[in-house]
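Colleague: Okay, here's the structure, questions in a sec.
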Amino acid sequence: MASLKIKLVKSLCGRRDKHIATVKSLGLKKIGSEVTQPDNPQTRGKIAQVRYLVTVTEE
C-alpha cells in the first residue's frame with residue numbers, strides 16, 4: 001500500500017482555525033515535523049486544503 005510523507009514547512013501563526021485543525025489532524029505539530037500517512041482520498045483532501053503549508057513526497 002502506498003504512503004505519503006508529509007512535512008510542515010511554514011508556520012501556523014495567523015492561519016485560519018480550520019487550516020490549523022487540518023494540519024494537527026495530519027499529525028504535524030511544528031515546523032520541520034514529518035509524518036507518514038496512507039495514500040487515500042481522505043488524506044489527499046486534507047493535503048489539498050493546506051497545500052501551501054506542507055510538502056509531500058510519495059513513498
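Colleague: Out of every Cα pair in the chain, what percent are spaced more than 15 Å from each other?
Modeller: Details: 668 of 1711 pairs.
The calculated P(r) of the chain puts 39 percent of pairs beyond 15 Å.
Colleague: Right, something else. Determine the gain in length on full extension of the stretch Ala48-Thr36; use 0.36 nm per residue of separation and subtract their C-alpha separation, reporting nm with one decimal.
Modeller: Working: separation 12, 0.36 × 12 = 4.32 nm, distance 1.60 nm.
Extending this stretch completely gives an extra 2.7 nm.
Colleague: May I ask you to give the solvent-accessible area per residue for the chain, in square angstrom, as obtained with a 1.4 angstrom probe?
Modeller: 67
Colleague: Here is a follow-up. By the scheme Lys and Arg +1, Asp and Glu -1, what is the net charge of all other residues having a beta-carbon under 14 Å from that of Gly32?
Modeller: +4
Colleague: Rounded to the nearest percent, how much of the accessible area of the chain (1.4 Å probe, protein heavy atoms only) is carbon and sulfur?
Modeller: On the way: 2060 of 3930 Å².
Exposed carbon and sulfur together represent 52 percent of the surface.
Colleague: Would you mind calculating the gained length between Thr57 and Arg16 on full extension (0.36 nm times residue separation, minus the Cα-Cα distance), in nm to one decimal?
Modeller: Between Thr57 and Arg16, full extension yields 12.3 nm more.
Colleague: Let me know the charge dipole size of the chain about its Cα centre in debye, to the nearest 20, where only the beta-carbon of Lys, Arg (+1) and Asp, Glu (-1) is charged.
Modeller: Numbers: 12 positive and 5 negative charges, 72 e Å.
Charge dipole of the chain: 340 debye, to the nearest 20.
The values are calculated or read from the model by the stated rules, or taken from the named source; none is laboratory data. If you're wondering where the values come from, they're calculated on a predicted model, not measured in any experiment. Cβ sites come from the backbone with ideal geometry, for glycine too, and all protein chains shown count toward neighbours. Each accessible area value is taken on the protein alone, full model and side chains, heavy atoms only, with ligands, DNA and RNA left out. Shrake-Rupley method; radii C 1.70, N 1.55, O 1.52, S 1.80 Å.
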